[in-house]
Amino acid sequence: MNRVSTNMPVTDMQFNMRRQEENLSNIQKQIGTNTKLHRLRDDPVSAAHSVRYDSYLARLNRFEENTKYAREHFNNTHDYLISTTEIMQRIRELAVTGANGTFSPDDLKIMAVEVNELLKELVSISNTLGPDTKQIFSGDKVFTAPFRIVEGNVDGAEETMIARVEYRGAGASRKIEIGDNMFLDLDLDGGKAFWAEKMQVFSSVDATDYRVQQPGAFFIDGVEINVAAGDTLPAIVAKINDSGAAVKAYIDIDTRGLVLEGTNAYLIRAEDKEGGASVLRDLGIISGNMQNNAPNWNPSARVFGGSAFDMVIRLRDGMLRGDQDFIGSQGIAGMDLAINNIAYRLADVSSRHERAEAAWTRINKQIPNVTRMLDREIGLDLASAATELKMAQTAHQAILATAAKILPPSLLNFLR
């Protein structure tokens, strides 16, 4: 038989009243925060789901910001490429005008002065800064201008003009994440946007008996190509062609040396990987690794393929010489090459913008869906919560009234 003391009813009543008060407090807290989950034990399954949904929603918001940045970046790049096209078209118009045979050499010199000024504007565009104060055409080297003007005396000019435009290098394209394991190339470097001719690099080293002495690797446009000890020149050529880099390699039938040729108009970048075989140096392609992120070509190698600036300088120099035949042939042809390359790069930038736009649209459809899923797990039905709160309040008042009648009299009752 259980012994029931006079203190037990008081203790039990207090325990149950505290539980009721705690339930009432939890309901009030849920209504105040508009969420039904404050502790994992409230609903472990919903808590687990909500953590996953909340994490995914945070990633979606980050992806949305990334796509917005990418769209703005591509818009800026597109606008500057359009400006470049307009300037190049104006230079081409001057070339056509100067080649028609109705202008004197002095007239052509006057045209050359305008071409030189337009060339300065082209270099300014190539070194332009975006709204975030970062270089647009420098890849991940966002604080380095990709081109530099070198002025000097030019034959036929009466004042100092641009002698050459030096490439100072641009880093690899930054990648921006627009989805889980989905990345988009963000940058168009100056070695692509402002080039004109397909590059060709001819080595003068006879590599008929060449063998790789130790395992190693080299890079073509950032693509790593591994070689093994004993690889011959034909094996190296095959590996380059299978690498995915935008070059094709073959063997020069005259010199028996390696030849690299770009598949489109851009500056080829090549270097040996440190700590292994120096394949490109041994084959006479480069004399050292990249300087300012531009290849250090071997002095004995024959390198062909100029930039858009080179095309403009050639045209201007032809005007200074009064060489109308050159202007009408090679001068206009060089401008056409540069303009065609810019048109190709415009299409590339536009296609990336369209992908960023599509990703932004997709993400903005996903965000409301995931938000609803998260709300389903942690959201509070206010009508049900208000009803539950009223029931808890009524129950609490009833318990207090009942306790006042059932509990034994206290000392205060006898002091009345």
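So here's what we get for this one:
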| item | result |
| --- | --- |
| Tally, over region 59-89, of residues that are under 24 Å from Met335 (Cα atoms), of a type in the set (S, T, N, Q) and either open to solvent by 20 Å² or more (accessible area, probe 1.4 Å) or more than 14 Å from the chain's Cα centre (by Cα) (or both) | 5 |
| Output for region 330-352, where each listed residue is of a type outside the set (Val, Ile, Thr) and open to solvent by less than 30 Å² (accessible area, probe 1.4 Å) | Gly331, Gly334, Met335, Ala338, Asn341, Arg345, Leu346 |
| Failed condition for Phe143, given (1) assigned to a helix (DSSP H, G or I); (2) within 23 Å of Tyr167 (Cα to Cα); (3) open to solvent by 30 Å² or more (accessible area, probe 1.4 Å) | (1) |
| Candidates Ala170, Ala163, Ala95 - the one that is part of a strand (DSSP E or B) and touching a Gly at 6+ places or on another chain (Cβ under 9 Å) | Ala163 |
| The listed residue being touching a strand residue (DSSP E or B) at 6+ places or on another chain (Cβ under 9 Å), outside any loop (DSSP other than H, G, I, E, B), surrounded by 14 or more Cβ atoms within 10 Å (Cβ to Cβ) and in contact (Cβ under 8 Å) with a residue 40 or more places away in the chain, out of Glu197, Glu177 | Glu177 |
| Within region 288-326, tally of residues that are part of a helix (DSSP H, G or I) and aliphatic (A, V, I, L, M) | 7 |
| Output for region 77-116, where each listed residue is among the basic types (Lys, Arg) and at pLDDT 95 or above | Arg90, Arg92 |
| Unique residue being in contact with a Gly (Cβ under 9 Å, 6 or more places away or on another chain), under 22 Å from Asn76 (Cα atoms) and among the hydrophobic types (A, V, I, L, M, F, W, C) when the list is Ala294, Ala308, Ala343 | Ala308 |
| Single unsatisfied condition, Ile149 versus (1) assigned to a helix (DSSP H, G or I); (2) closer than 27 Å to Arg314 by Cβ; (3) of a type in the set (A, V, I, L, M, F, W, C) | (1) |
| Residue match in region 346-356 (condition: among the polar types (S, T, N, Q) and free of Cβ contacts under 8 Å to residues at least 12 places away in the same chain) | yes |
| Check on Ser329, hydroxyl-bearing (Ser, Thr, Tyr) and assigned to a helix (DSSP H, G or I) | yes |
| Among the residues listed as Gly216, Gly191, the single one being in contact (Cβ under 8 Å) with a residue 60 or more places away in the chain, more than 30 Å from Asn341 (Cα to Cα), within 30 Å of the chain's Cα centre (by Cα) and crowded, with 18+ Cβ neighbours inside 10 Å | Gly216 |
| Those residues of region 219-230 which are open to solvent by 30 Å² or more (accessible area, probe 1.4 Å) and either assigned to a strand (DSSP E or B) or acidic (Asp, Glu) (or both), in sequence order | Phe219, Asp221, Val223, Glu224, Asn226 |
| Answer from Glu159, Glu224, Glu166 - the residue that is in contact with a helix residue (DSSP H, G or I) (Cβ under 9 Å, 6 or more places away or on another chain) and of a type in the set (D, E, K, R) | Glu159 |
| Tally, over region 231-264, of residues that are part of a loop (DSSP other than H, G, I, E, B), open to solvent by 30 Å² or more (accessible area, probe 1.4 Å), over 18 Å from Val205 (Cα atoms) and not β-branched (Val, Ile, Thr) | 5 |
| Condition broken by Leu119, with the remaining ones in (1) modelled with pLDDT of 95 or more; (2) of a type in the set (A, V, I, L, M); (3) in contact with a Gly (Cβ under 7 Å, 6 or more places away or on another chain) satisfied | (3) |
| Candidates Arg362, Arg355 - the one that is open to solvent by 70 Å² or more (accessible area, probe 1.4 Å) and under 14 Å from His73 (Cα atoms) | Arg355 |
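Conditions tested, residue by residue: (1) over 20 Å from Leu81 (Cα atoms); (2) open to solvent by less than 20 Å² (accessible area, probe 1.4 Å).
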{"site": "Pro105", "(1), (2)": "yes, no"}
{"site": "Leu129", "(1), (2)": "no, no"}
{"site": "Asp132", "(1), (2)": "no, no"}
{"site": "Ile162", "(1), (2)": "yes, yes"}
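The values are calculated or read from the model by the stated rules, or taken from the named source; none is laboratory data. Owing to the predicted nature of the structure, the values given are computational and were not obtained by experimental measurement. No Cβ is skipped: glycine too gets one built from the backbone with ideal geometry, and neighbour counts run over all protein chains shown. The protein model used for the area step is the full one, side chains on, heavy atoms only, and it has no ligands, DNA or RNA in it. Shrake-Rupley method; radii C 1.70, N 1.55, O 1.52, S 1.80 Å.
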